[in-house]
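Notes follow once the structure below has been shown.
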Amino acid sequence: MLQAVALRCSRGERRLFTDLSVKVERGSLLAVVGENGSGKTSLLRIFSSLLPPEQGSVLWGGQDIHQLKELYSGQLTYIGHLNGMKDDLTPLENLMSAMSLAGEPCSNNGAKEALEGIGLKRPIHHLPSKVLSQGQKRRVALARLWLSTRPLWLLDEPFTSLDQAATDVVTQRLLMHLQRGGLAVVVTHQEVALPTEVVQRLRLMG
Amino acid sequence: MSGSSMWEAVSGIIRRDLLLAMRRRSDAAMSVFFLVIVVSLFPLGVGPEPAVLRTIGPGVLWVAALLACLLSLGRVFTADYLDGVLEQMVLIPQPLALLVGGKVVAHWVISGFPIVLLSPLLGLQFGLSGESLGVLVMSLLLGTPTLSMIGAIGAALVLGVRGSGLLVALLVLPLYVPVLIFGAGAVTSSMAGIGGEANLSLLGACLVLSLFLAPWATAAALRIALE
């Protein structure tokens, strides 16, 4: 279970949010919404432990994530607004090196199936990633979700530049993750098409 | 966290960086060509007097190696920082310092090791004897990994800063001074017939020290850069 306790965050001179507390239970999704610059990404980075909060703490299973350190990193899959892929590598190589970096190495076939799962056909697997469109690159980054066995998913605007079909399969994948008892925090400005009982909305005012 | 998964992550990043270097061979070749050109300019500028060339040879070769290493520092973390891979690196379930070590090893193989291989040929331009050439290779073999290690700290500190190329030179060059002194000193003393072992030992000590400390300092700098 992920819990934020009295978080405060400022970027530069601007106070983004203060005294923010929220709880995400197993099998539920926290959708963080709000205007541009309201601190959605900062909140996600605090949840990922990339950004230490100015005040307050984030608890995973009741323990502070900054004390858990690598143990906590082993619980999460973080996909930021940057895709984290190399233009000179193929989608297949990108996905496999991202997985081995994350400590969840996958086989060639596993990676191919994941890419097909998100709708990238085989001929695309071996092209240099620089020739892919934005939406295709985003799909390669999100293909990690098909291989991840981690309980906590942190996604920053996952649906940006995805077409409707891809948005649907990613949403389905999220639902499957939640049904298995996983947790997710999703920063988005779009509605997430999931049953309302599993979605908890957090609106940041900025 | 098991030892094998740690090794998997480190070897994975080394393999990936080497693969990337293979895809962009021109980048890696650039610093080697820089070294060759800089070193070749000196005999042209100073004149073909063998005694003079032999005196300045070790120093010129070492300074050029240092500058070539400096030129390649921008490539260590900048691309990973811009495309978001660095965020993923910081969030791995292994100590970040180990991964940094892997990245520096890859950087040395790409930009340091070619310098070592090429150095005997460049040393010949300055009329160094066979024995001195051997010491030159040894000194570079011990010294260039140290340069990569120290350079990584600087490269991590200036991530995301404007004009970082010049800044990293100002930060890192003073730290390179001991390596330069011991490295060039080893070759000079072997030419003088007193053997370069003392200086080589000191270079080895620098290497061990930087292997031990630099990855941790670099890891801390990377975390700050991502905040």
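The values are calculated or read from the model by the stated rules, or taken from the named source; none is laboratory data. Just so it is clear, the structure is predicted and the values come from calculations on it, not from any experiment. Neighbour counts are summed over all protein chains in view; Cβ atoms, including those assigned to glycine, are modelled from backbone coordinates with ideal geometry. Just so you know, the surface numbers come from the protein's heavy atoms only, side chains and all, with ligands and any DNA or RNA stripped out. Shrake-Rupley method; radii C 1.70, N 1.55, O 1.52, S 1.80 Å.
General remarks:
- Stretching B:S129 away from B:A220 to a fully extended chain increases their span by 28.4 nm, per 0.36 nm per residue minus the current alpha-carbon distance.
- Share antiparallel - DSSP beta bridges, the protein assembly as shown, percent rounded to 5: 40 percent
- Summarised as an ellipsoid, segment B:3-226 has semi-axes of 33, 18, 15 Å, derived from the eigenvalues of the Cα gyration tensor scaled by 5 and square-rooted, with the largest first.
- Unit charges on C-beta of K, R, D, E only; dipole of the protein assembly as shown, Debye: 540 debye
- Per residue, the accessible area of segment B:47-119 comes to 32 Å² when a 1.4 Å probe rolls over the protein heavy atoms.
- Residues B:S201 and B:T55, FRET efficiency given R0 of 25 Å [Cβ-Cβ distance, rounded to 0.05]: 0.55
- Each residue, B:R23 and A:L59, gets one label point 7 Å from its Cα in the Cβ direction; the gap between the two is 4.4 nm.
- Of B:G102, B:G134, B:G143, the one that fluctuates the most in a GNM where chain B has Cα springs shorter than 10 Å: B:G134
- For segment B:3-226, the relative contact order comes to 26 percent (Cα pairs under 8 Å, sequence separation of at least 6).
- Relative contact order for chain A: 32 percent, from Cα pairs under 8 Å spaced at least 6 residues apart, divided by residue count.
- Segment A:26-88: relative contact order in percent, alpha carbon pairs under 8 Å with at least 6 residues between: 18 percent
- GNM flexibility winner over chain A from A:V58, A:V131, A:V33 (Cα, springs under 10 Å): A:V131
- Peptide A:79-91 is shielded by partner chain Cβ atoms: per residue, an average of 4 of them sit within 10 Å of its Cβ.
- Rh (Kirkwood; distinct C-alpha pairs) - segment B:10-71, Å: 13.5 Å
- Per residue, the solvent-accessible area of chain A (1.4 Å probe, heavy atoms of protein chains only, all protein chains present) comes to 43 Å².
- Candidates per chymotrypsin sites (Phe, Trp or Tyr not before Pro) in segment A:107-206, loop by DSSP, up to 10 other Cβ within 10 Å: none
- Degrees, to the nearest 10: B:197-226 long Cα axis against longest axis of chain B: 30 degrees
- Scattering profile of the protein assembly as shown at q = 0.07, 0.11, 0.12 Å⁻¹ [log10 I(q)/I(0), Debye over alpha-carbon scatterers]: -0.42, -0.86, -0.98
- Applying the Kirkwood pairwise sum to the alpha-carbon positions of segment B:92-217 produces a hydrodynamic radius of 15.4 angstrom.
- At least 30 Å² accessible surface lost relative to isolated chain, residues of segment B:85-123 (1.4 Å probe): B:V85, B:E87, B:Q88, B:L91, B:I92, B:P93
- Over chain A, the Kirkwood radius and the radius of gyration, each from Cα atoms, give a ratio Rg/Rh of 0.96.
- Between A:L155, A:L95, A:L16, the GNM of chain A built on Cα springs shorter than 10 angstrom shows A:L16 fluctuating the most.
- When exposed loop sites are taken as GluC sites (Glu not before Pro) in a DSSP loop with at most 11 other Cβ atoms within 10 Å, the longest stretch of chain A clear of them is A:14-190.
- Relative to the longest principal axis of the Cα atoms of chain A, the long axis of helix A:91-101 lies at roughly 50 degrees.
- Extension gain for A:V5-A:T18 works out to 3.6 nm (0.36 nm per residue, less the C-alpha to C-alpha distance).
- Taken along the Cα-to-beta-carbon direction at a fixed 7 Å, the label points for A:V131 and A:E116 span 2.2 nm.
- The contact between chain A and chain B removes approximately 2500 Å² from the accessible area (both sides summed; 1.4 Å probe; ligands, DNA and RNA excluded).
- Shielding of A:95-103 by partner chains, average beta-carbon count, 10 Å: 6
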